[in-house]
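What follows is a single structure, written as structure tokens, with notes after it.
The values are calculated or read from the model by the stated rules, or taken from the named source; none is laboratory data. Because the structure is a prediction, the values reported are computed rather than measured. For neighbour counting, all protein chains shown are included, and Cβ atoms are generated from backbone atoms with ideal geometry for every residue, glycine included.
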Amino acid sequence: MLRHLRLLRRSTSAFLLCRRGGIAIITGIAFPCLALLAIGAVELASVNTEQVMLQDAADAAALNAVSELKVAGAEGVEERAEEAVLEHLTELAGRSTLTAEATAETASVEVLVTSNRLSFFGNMLPPGGFNMRASATAVLTGGQTPLCVLNLWSGSGANLYIKDSSSLTAPGCAAHSNSSIYVDRKASLASDRNQAVKGATGNITPTAIVPVPLMSDPLADRDIPTATCRGTEPERSFETDTYVNAGFHCGGIIVDKTATVTLGPGVHYFGEGADGAGDLKLRGGSTLRGQNVVLVFGRDTTLKTQDMAAIDLTGRQSGAMAGMVLVSARDNTKWMEINSTNARRIEGIIYLPSAALTATGEFQVAQDSDWTVTVALGVLLRRGAKLKINKRYGESSVPVPAYVQGGFGQTRLLD
């Protein structure tokens, strides 16, 4: 028995002292751990990158949305901010569950974005996956003067051009040019605040502030749906009173003689039809009337008024285009011409991102509107035309620029 015990002791000692195959055993044990650590490091780096992307998306959406408050009001801003966040994060959609929530106030927008991403060991480490969130609040800062005229052209020359004995009057409002302002000696520009990026010349009250920073288009991210026409529909002409439902008017419309065309509430799209026609033309003593409407002009179509034609339009009260009344597509470079003597009410936002608004002749424009905001490539007034920009915001049924209480100012993110 004693001999057997000695034998067992020697065998055990030999086994414990044997080093053959030790490296393989250690490697076999260590490799899975090292591999897991490497994979974990890569995954955690990816999680960190995703967190940065969430924050960048929230910051960008909040800044864009609060810029839009300057001229578009709060209506629809929240939905568009949420859509912008999710679009910015499209590449994460396949591996993370994303949600976005935006809240718009008078002069601020808060954006919250959350993400749930699968974690290790079947979502067990951490339990339920990686939960991330990012938030951003952007605000308008500055003075208390609402922006009523914004001219976007930043090239050479004046994009706010007031000739002959014409005038632009905007009490309580601000007029901004991304280029220069030129006002003839007999013409006038009077607002609470005038400013230009490059220069200002002429009869301007008060004296324009020059230079100022370039102002970006606050509606640049706004979707502008336009008519898709086959090019086969004819132009329609009305010489008697007619009611026209919202929808597509491919081929354009002529309102002539003493006819009154009443536009139904909604969005009215104008696009090219047969023979390239597609404009909305007002002639003679005709009248175009509509409440809770927006007129959207596709490429190569526009509004043309002449003679004694009357305009009485109030903008959309709700929906994606709330606050807008006259809009042209981003690739539309045709000037919108108001050359009639009775264009008394154009209430809402006139948005012409690639075109100019022109008024010609001894008459007044928009003087009966409770409020008007013009964002266009440029504004040209000549031969005695008088554009009146009111700011009777409390009297209008059309949603007004929400930044009125926040003031004319810059946008920034809160820390």
| said: It is to be established whether one or more residues within segment 351-362 are touching a Leu at 6+ places or on another chain (Cβ under 9 Å), buried (at least 21 other Cβ atoms within 10 Å of the Cβ), closer than 24 Å to Met215 by Cβ and β-branched (Val, Ile, Thr). | reply: no
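Which is within 25 Å of Thr169 (Cα to Cα), outside any loop (DSSP other than H, G, I, E, B), within 28 Å of the chain's Cα centre (by Cα) and at pLDDT 95 or above, of Arg193, Arg289?
Checking each option against the conditions leaves just Arg289.
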| query | Of the residues in segment 245-264, how many are over 23 Å from Lys334 (Cα atoms), in contact with a Lys or Arg (Cβ under 9 Å, 6 or more places away or on another chain) and buried (at least 16 other Cβ atoms within 10 Å of the Cβ)? | reply | 2
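A quick yes/no check of all residues on (1) part of a loop (DSSP other than H, G, I, E, B); (2) under 17 Å from Lys281 (Cα atoms); (3) hydroxyl-bearing (Ser, Thr, Tyr):
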residue: Arg330; (1), (2), (3): yes, no, no
residue: Ser340; (1), (2), (3): yes, yes, yes
residue: Ile346; (1), (2), (3): no, yes, no
residue: Val373; (1), (2), (3): no, no, no
| task | Identify, from the list Pro211, Pro234, Pro225, the residue that is in the same structural domain as Ile349 (by TED's automatic domain parsing), assigned to a loop (DSSP other than H, G, I, E, B) and more than 26 Å from the chain's Cα centre (by Cα). | result | Pro234
| message | I'd like the full set of residues that are over 14 Å from Val212 (Cα atoms), in contact with a Pro (Cβ under 9 Å, 6 or more places away or on another chain) and assigned to a loop (DSSP other than H, G, I, E, B), limited to segment 141-183. | response | Pro146
| So, in segment 265-285, of the ones that are at pLDDT below 95 and of a type in the set (Gly, Ala, Ser), which residue ends up surrounded by the fewest Cβ atoms within 10 Å (Cβ to Cβ)? | Gly276
| task | State whether one or more residues within segment 375-383 are touching a Gly at 6+ places or on another chain (Cβ under 9 Å), in contact (Cβ under 8 Å) with a residue 24 or more places away in the chain, farther than 25 Å from Asp223 by Cα and in a strand (DSSP E or B). | result | yes
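Taking segment 224-240 as the search range and keeping residues that are surrounded by fewer than 12 Cβ atoms within 10 Å (Cβ to Cβ) and modelled with pLDDT under 90, which one is farthest from Arg80 (Cα to Cα)? Give the steps one after another, and end with the answer.
Of all residues in segment 224-240, those surrounded by fewer than 12 Cβ atoms within 10 Å (Cβ to Cβ) come to 228, 230, 232, 240.
The next check asks that each one be modelled with pLDDT under 90; those that pass are 228, 230, 232.
Details: Thr228: 23, Arg230: 30, Thr232: 34 Å.
Applying the filter and picking the extreme gives Thr232.
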| query | Looking at segment 305-325, which of the residues that are surrounded by fewer than 24 Cβ atoms within 10 Å (Cβ to Cβ) and among the hydroxyl-bearing types (Ser, Thr, Tyr) is nearest to Val365 (Cα to Cα)? | reply | Thr314
| message | So, in segment 179-225, exactly how many residues are among the charged types (D, E, K, R) and under 16 Å from Asn159 (Cβ atoms)? | response | 3
| field | Qualifying residue in segment 351-366 (condition: under 26 Å from Ala104 (Cβ atoms) and free of Cβ contacts under 8 Å to residues at least 60 places away in the same chain) | value | yes
| message | I'd like the full set of residues that are free of Cβ contacts under 8 Å to residues at least 24 places away in the same chain and either out of contact with any strand residue (DSSP E or B) (no Cβ under 9 Å at 6 or more places or on another chain) or surrounded by 16 or more Cβ atoms within 10 Å (Cβ to Cβ) (or both), limited to segment 205-223. | response | Val210
| Does Ala322 satisfy the criteria of being at pLDDT below 95, of a type in the set (A, V, I, L, M) and either assigned by TED's automatic domain parsing to the domain that holds Lys391 or in a strand (DSSP E or B) (or both)? | yes
| For Ser177, are the conditions met, namely being under 25 Å from Leu63 (Cα atoms), surrounded by fewer than 20 Cβ atoms within 10 Å (Cβ to Cβ) and either at pLDDT 85 or above or in contact with a helix residue (DSSP H, G or I) (Cβ under 6 Å, 6 or more places away or on another chain) (or both)? | no
